[in-house]
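Notes for the one structure printed next.
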Amino acid sequence: NWFDLLDPVHPSQHRIAPANGNKPHGIAFWGHYVVHGGNDATLGLYDYYSGVRSLSHVTGVNPLNAGAQPPFEFRTTKGYIVDSNEMAITRFDPDDPSGGIVTTEFADLSAVGFKIGSCHPIGNLLVCTASKAKGVATFDISDPLRPNLVYARANVGNNVYTSMVYGSKLYACESGQGIRVYDFSDPRNVRETGFLPLKASAGYNPRYVTIKDGKGYVASGVIQTQEPKLVEGRTV
């Protein structure tokens, strides 16, 4: 969906287009294009002016989350299913007459030690968290089609569902436990800097977080067992 936010508290729908697959997670922006990522083997490219354009399939990798830094997209296998631990890196071009996919390469992630879920490309760095497992990792993507593992730590925190990056901080949602914060300003030594407990026993199940203007917004993965609570005055 595209919305007109001229009146921010009363958004009006501008355009709607059907998404590929089942509940795509996350989007990226590139000019007047929107790239959706997650839970489908098709790279979906949406044109703000003309609607949806689906590009060719990325064979074999059906992610929960995908990280895009156009013209590249990074797809990882998810912890829900038993399959090879790999990453598909695709270079795409919406104006390419052959269908949009320029090339796809695959990287073996077995050396990482855990399934990677959320991956966040930032310049020459790819910051990642585990999928339904414990772990954080960073990759050098100065050559985007050939990621080079820089750092991986498997035995940290609790099982991660998804994560988000804000500045040099990584916020990992640990289902039914809380949000763990890491500092990756040195990608060769990612440091844990804080933890915000949000226990399932108190009605929380943090799965998705987004950050804007220094404030974090967390969506639960289940219906609350009690009224939602505001957690204020706590900085991590």
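Here are some notes:
- In this entry, Y182 is excluded by the filter for residues that are surrounded by 13 or more Cβ atoms within 10 Å (Cβ to Cβ) and more than 17 Å from the chain's Cα centre (by Cα).
- Filtered residues of region 1-16 (kept if free of Cβ contacts under 8 Å to residues at least 12 places away in the same chain and assigned to a strand (DSSP E or B)): F3, D4, S12
- Selection count where residues are open to solvent by 10 Å² or more (accessible area, probe 1.4 Å) and either closer than 23 Å to N189 by Cα or not charged (D, E, K, R) (or both), scope region 87-100: 3
- Yes/no for L149 being open to solvent by 50 Å² or more (accessible area, probe 1.4 Å), in a strand (DSSP E or B) and in contact with a Phe, Trp or Tyr (Cβ under 6 Å, 6 or more places away or on another chain): yes
- With a requirement of 3 or more residues that are open to solvent by less than 10 Å² (accessible area, probe 1.4 Å), the strands (runs of 3 or more DSSP E) lying completely within region 101-142 that satisfy it span 116-122, 125-130, 136-140.
- The set of residues from region 161-179 being modelled with pLDDT of 90 or more and more than 18 Å from the chain's Cα centre (by Cα) comprises just one member, Q177.
- Reported count of residues in region 166-179, each being open to solvent by 30 Å² or more (accessible area, probe 1.4 Å) and part of a strand (DSSP E or B), is 3.
- Test result for V218, assigned to a loop (DSSP other than H, G, I, E, B) and either modelled with pLDDT under 95 or touching a helix residue (DSSP H, G or I) at 6+ places or on another chain (Cβ under 8 Å) (or both): no
- Which listed residue, of G117, G123, G113, is at pLDDT 95 or above and under 28 Å from G157 (Cα atoms): G123
- The single residue among A68, A28 that is under 19 Å from the mean Cα position of the chain (by Cα), at pLDDT below 85 and either open to solvent by less than 50 Å² (accessible area, probe 1.4 Å) or more than 18 Å from R146 (Cβ to Cβ) (or both) turns out to be A28.
The values are calculated or read from the model by the stated rules, or taken from the named source; none is laboratory data. Treat the numbers as computed from the prediction; the structure is a model and nothing was measured. Cβ atoms come from the backbone with ideal geometry, glycine included; neighbour counts cover every protein chain shown. Each accessible area value is taken on the protein alone, full model and side chains, heavy atoms only, with ligands, DNA and RNA left out. Shrake-Rupley method; radii C 1.70, N 1.55, O 1.52, S 1.80 Å.
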